[in-house]
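Asker: Sharing a structure here in structure tokens format.
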């Protein structure tokens with residue numbers, strides 16, 4: 001196992017950083033009362049499509065690049081550094097679901113559109129309490145005559161739902177305890193995506209209501225698809241967390257060098273030095289956890305689920321801590337709308353809860369370790 005990034009990884013990372021720092025602006029959301037509607041989702045998406053990023057994980061057979069999770073970590077990290085508002089994450093989650101669980105016909109239909117950037121996706125799996133791992137009854141699929149289904153109910157905390165052309169929806173099958181995944185045209189009248197008043201205004205999160213929405217089942221069953229998909233979702237969020245924490249650390253170090261108190265930079269005071277050292281440790285350990293998860297997922301290693309849960313748990317707590325300390329070091333100005341501190345803090349808090357918080361992930365880690373020891 002080698003955690004050193006290859007030259008290709010570093011080139012990909014640097015090109016992504018150069019592009020995002022040049023093209024992504026958060027100026028419109030750094031004002032009181034800003035919402036996700038001000039975040040330039042559509043314009044940013046067009047720029048990302050031009051870079052070819054929607055096809056990063058799509059197999060070459062379907063027009064994509066077929067890159068590994070290690071490669072993807074370079075892009076996800078840089079997007080986390082800049083808080084780039086776009087429907088990239090939702091499309092990524094949906095593409096993973098189709099690539100793993102779709103029939104050959106579904107893959108041939110949808111994945112080339114994803115790779116070309118002409119179809120945006122979202123994954124709708126969470127209950128209203130945020131739970132994602134149980135069948136739930138808040139969305140129910142009723143079988144029609146033939147192969148189709150009708151879905152009725154609600155799915156909550158759906159990333160990028162309002163921007164999506166197609167949804168991958170988890171729903172319980174009527175008359176059974178089985179959960180399955182379905183493809184749903186997000187533009188049909190029976191589907192309503194309502195953006196939530198989400199604190200993180202750089203990300204679109206919605207409740208989605210289904211009123212007998214036509215749906216097509218994916219080929220893979222829940223037991224096969226969801227554990228595989230969940231591990232990659234946790235890794236993706238962890239990659240954002242780790243890189244976001246690193247960027248906040250850099251911002252805070254720069255400020256501590258410039259801000260003076262009692263005749264010298266505040267970074268020269270021991271209390272600030274200690275805080276910055278703690279932040280560095282949290283950011284570096286988060287990055288290491290993400291790279292281990294990326295390696296395990298790329299290798300389909302048996303420890304991949306454990307690695308993904310550990311990365312999500314550690315990086316979530318670390319990102320919240322780093323952003324909180326950053327605000328404290330910045331002082332009063334760190335609480336103002338025109339500074340980016342609050343955007344990173346909100347992203348940290350939101351990512352920490354999505355798809356299971358740190359406590360839930362640590363419980364999963366304990367369960368996996370106990371099963372291995374038994």
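The values are calculated or read from the model by the stated rules, or taken from the named source; none is laboratory data. The structure displayed is predicted, hence computed values, not measured ones. As a convention, Cβ positions derive from the backbone with ideal geometry for all residues, glycine included, and neighbour counts pool all protein chains shown.
Asker: Checking residue 320 against (1) surrounded by 17 or more Cβ atoms within 10 Å (Cβ to Cβ); (2) in contact (Cβ under 8 Å) with a residue 40 or more places away in the chain; (3) closer than 12 Å to residue 242 by Cα, which test does it fail?
Answerer: Single failed check for residue 320: (2).
Asker: Mind listing whichever residues of segment 1-36 are part of a helix (DSSP H, G or I), within 18 Å of residue 162 (Cβ to Cβ) and touching a residue at least 24 places away in the same chain (Cβ under 8 Å)?
Answerer: Let us first name the residues in segment 1-36 that are part of a helix (DSSP H, G or I), namely 7-23, 27-29, 36.
This time we only want the ones that are within 18 Å of residue 162 (Cβ to Cβ), so: 28-29, 36.
Selection gives 29, 36.
Asker: Go over the candidates 229, 291 one by one and state the one that is under 28 Å from residue 180 (Cβ atoms) and at pLDDT 95 or above.
Answerer: 229
Asker: Can you tell me which residues in segment 329-339 are in contact (Cβ under 8 Å) with a residue 40 or more places away in the chain and buried (at least 17 other Cβ atoms within 10 Å of the Cβ)?
Answerer: 329, 330, 339
Asker: Still on this structure: State whether one or more residues within segment 105-120 are touching a residue at least 60 places away in the same chain (Cβ under 8 Å), closer than 26 Å to residue 28 by Cα, touching a helix residue (DSSP H, G or I) at 6+ places or on another chain (Cβ under 9 Å) and surrounded by 17 or more Cβ atoms within 10 Å (Cβ to Cβ).
Answerer: So the first thing to find is which residues in segment 105-120 are touching a residue at least 60 places away in the same chain (Cβ under 8 Å), and the list is 106, 110, 114-117, 120.
Subset that is closer than 26 Å to residue 28 by Cα: 117, 120.
So of that shortlist, the ones also touching a helix residue (DSSP H, G or I) at 6+ places or on another chain (Cβ under 9 Å) come out as 117, 120.
With the extra rule that they be surrounded by 17 or more Cβ atoms within 10 Å (Cβ to Cβ), the set shrinks to 117, 120.
Scanning segment 105-120 turns up at least one residue that is touching a residue at least 60 places away in the same chain (Cβ under 8 Å), closer than 26 Å to residue 28 by Cα, touching a helix residue (DSSP H, G or I) at 6+ places or on another chain (Cβ under 9 Å) and surrounded by 17 or more Cβ atoms within 10 Å (Cβ to Cβ).
Asker: In the list 211, 230, which residue meets the criterion of being in contact (Cβ under 8 Å) with a residue 24 or more places away in the chain, within 22 Å of the chain's Cα centre (by Cα), under 30 Å from residue 141 (Cβ atoms) and surrounded by fewer than 24 Cβ atoms within 10 Å (Cβ to Cβ)? Full working, then the answer.
Answerer: Values: 211 fails: within 22 Å of the chain's Cα centre (by Cα).
Within the list 211, 230, the selection yields 230.
Asker: Would you tally the residues in segment 112-145 being part of a loop (DSSP other than H, G, I, E, B), in contact with a strand residue (DSSP E or B) (Cβ under 9 Å, 6 or more places away or on another chain), more than 28 Å from residue 305 (Cα to Cα) and at pLDDT 95 or above? Please lay out each step first, then the result.
Answerer: So in segment 112-145, the residues part of a loop (DSSP other than H, G, I, E, B) come out as 117-120, 125, 127-138, 144-145.
Cutting the leftovers down to in contact with a strand residue (DSSP E or B) (Cβ under 9 Å, 6 or more places away or on another chain) gives us 119-120, 125, 127-130, 132, 134-138, 144.
Narrowing further to those that are more than 28 Å from residue 305 (Cα to Cα): 119, 144.
In the following step, the residues that additionally are at pLDDT 95 or above were identified as 119.
Number satisfying all stated conditions: 1.
Listed here are the residues, each with its yes/no results for (1) over 21 Å from the mean Cα position of the chain (by Cα); (2) under 19 Å from residue 159 (Cα atoms).
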residue: 19; (1), (2): no, no
residue: 23; (1), (2): no, no
residue: 27; (1), (2): yes, no
residue: 32; (1), (2): yes, no
residue: 45; (1), (2): no, yes
residue: 48; (1), (2): no, yes
residue: 53; (1), (2): no, yes
residue: 60; (1), (2): yes, no
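Asker: Give the residue, chosen from 76, 72, 65, that is in contact with a helix residue (DSSP H, G or I) (Cβ under 7 Å, 6 or more places away or on another chain) and part of a helix (DSSP H, G or I).
Answerer: Details: 72 fails: in contact with a helix residue (DSSP H, G or I) (Cβ under 7 Å, 6 or more places away or on another chain); 65 fails: part of a helix (DSSP H, G or I).
Sole residue among the options that is in contact with a helix residue (DSSP H, G or I) (Cβ under 7 Å, 6 or more places away or on another chain) and part of a helix (DSSP H, G or I): 76.
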